[in-house]
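Just below is one structure, and these are the notes that go with it.
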Amino acid sequence: MGILEKISEIEKEIARTQKNKATEYHLGVLKAKLAKYRSELLAPSKKGGDKGEGFDVLKSGDARVALIGFPSVGKSTLLSTITTTQSECASYEFTTLTCIPGVIEYKGANIQLLDLPGIIEGAAQGKGRGRQVIAVARTADVVLMMLDATKGDVQRGLLEAELEAVGIRLNKQKPNIYFKVKKAGGLSFNSTCPLTRVDEKLVQMILHEYKLFNAEVLFREDCTADELIDVISANRVYMPCLYVYNKIDQISIEEVDKLARRPNTCVVSCNMKLNLDYLLEMLWEKLSLIRVYTKKPGEPPDFAGGLILRRGCTVEHVCHSIHRSIAQHFKYAIVWGTSTKYSPQRVGLHHVMNDEDVIRIVKK
């Protein structure tokens, strides 16, 4: 029996098993087996052979965004509209057959946008080049999920299930579980809060499925068995996702309003160029990018060439982005902006910067 057949059998067994107190251990073991087989499926093949056309695109710019969706939802039209790159668009499915990169120039930042071929159901098992598409999506900073507003929530559910199957967790935080494999000493299990979804026996059974008999597990929050499996697998990617509903010109204003009020959602029409400026604004927020401007003594700030950094960056990060040797000779910095108590303020290396702050670095 191949891996795909084993995965199918386990999925069927999970579906027909009633969820109650008596079956939770059995379900936990089944989920662990399923996760193990799926990670085997994703592991690259050792066999040589024809490589075919590559999907890998060199990472460039300040951030990378992966455009994912079913065929004919308007991914290529969006890429052609908001970037200078032209991606082939047509009314038939599977117009795009390889990965096409484009660059969005927004607020001084260069954001790389990857137009990936349409995903079909069963992509996680490798159907329709799905595995290659998903492998590229794992390298992105944000997933832009393109959906057809005329088809309701069917596409969203299917795409989320496909990405979940390959270890991409959308808009989720990493579970707060400490896990460490030991050489001896058996299982050390502890928690800092009351656990309602798992107990020591279930944790032990899941670890035995991975052939782990000596380990240290500490729950810092009330997590599920699935979240524990994610921590043990250690190959999960947690990334923000923006759901973009296209073709809003084909549905009623009430439906548009309903979709627009959902969290992490933006409604657009690529053909009529509706709401694309708000989409770029939401993308900027999701990427957590900020601009920091530099200033030379006796001169006005350089607003033309700002540094693009991540939210939460410190003065030390600013120094490294200018030149790696500056931090070693750093004396102090003078900062103007919203991150200071008063402007200008003299700060050290660990001062956290805000968007549109101005900085002047003084060396020893």
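Remarks
- Computed P(r) (all Cα pairs; the range 280-364; 5 Å bins; percent): 3, 15, 27, 27, 18, 7, 3, 1, 0
- In order along the range 66-81, the Karplus-derived 3J(HN,Hα) couplings, from 6.51 cos²θ - 1.76 cosθ + 1.60 at θ = phi - 60°, round to 9, 9, 10, x, 6, x, 6, 9, x, 5, 5, 5, 5, 4, 5, 7 Hz, and Gly and Pro are given as x.
- Nearest-10 value in Å² for the accessible area of residue 360, using the 1.4 Å probe: 60 Å²
- Between residue 214 and residue 288, the FRET efficiency from the beta-carbon distance, with R0 = 22 Å, is close to 0.05.
- Which listed pairs, of 6/183; 6/247; 33/258; 36/180, have C-alpha distances above 29 Å, in listed order: 6/183; 6/247; 33/258
- Residue of 165, 260, 304 that the Gaussian network model of the chain assigns the largest fluctuation, springs spanning Cα pairs under 10 Å: 304
- Close amide-amide hydrogen proximity is noted between residue 274 and 269, each under 5 Å apart and 5 or more residues distant or on a separate chain (H modeled in the peptide plane; Pro and chain starts excluded).
- Our coupling estimate for the range 28-33, obtained by passing each phi through the Karplus curve with A = 6.51, B = -1.76, C = 1.60 and θ = phi - 60°, is x, 5, 4, 5, 5, 4 Hz, Gly and Pro reported as x.
- 18 Å tail of the calculated P(r), the range 219-271, as % of Cα pairs: 55 percent
- By the helix-only formula, in which each DSSP H run with n ≥ 4 contributes -39500 (n - 2.57) and the sum is divided by residues, the chain has a 222 nm mean residue ellipticity of -9000 deg cm²/dmol.
- Model label zone, residue 331; criterion: amide N under 15 Å from point 7 Å along Cα-to-beta-carbon; scope the range 347-363: 347-349, 360-363
- Candidates 104, 253, 206, ranked by Gaussian network fluctuation over the chain, Cα under 10 Å, top entry: 253
- Scoring 174-186, 22-34 by mean Cβ neighbours within 10 Å over their residues and listing the highest first yields 22-34, 174-186.
- 5 angstrom amide H check on residue 110, placed H, neighbours 5+ away: 62
- Share antiparallel - DSSP beta bridges, the chain, percent rounded to 5: 45 percent
- The coefficient of translational diffusion for the range 212-364, derived via Stokes-Einstein from the alpha carbon Kirkwood radius under 20 °C and 1.002 mPa s, stands at 109 µm²/s.
- Contour excess over end-to-end distance, with Cα ends at residue 341 and residue 265 and 0.36 nm allotted per residue: 23.9 nm
- Peptide ranges 341-349, 241-249, 215-223 listed from the most packed, as the mean C-beta count within 10 angstrom indicates: 241-249, 215-223, 341-349
- Taking max minus min of the alpha-carbon positions on each principal axis, the chain gives extents of 73, 59, 50 Å, largest first.
- Cβ-based net charge around residue 208, under 14 Å, with every Lys or Arg adding one and every Asp or Glu removing one: +3
- A 1.4 Å probe run over the range 239-304, with the rest of the protein chains in place, finds 54 Å² accessible per residue.
- DSSP bridge pairs, the range 140-251: antiparallel proportion in percent, nearest 5: 25 percent
The values are calculated or read from the model by the stated rules, or taken from the named source; none is laboratory data. Not measured: the values here are computed from a predicted model. Reconstructed Cβ throughout: ideal geometry from the backbone, glycine too, with neighbour counts over all protein chains shown. Quick note on the areas: whole protein, heavy atoms, side chains included, nothing else; ligands and nucleic acids left out. Shrake-Rupley method; radii C 1.70, N 1.55, O 1.52, S 1.80 Å.
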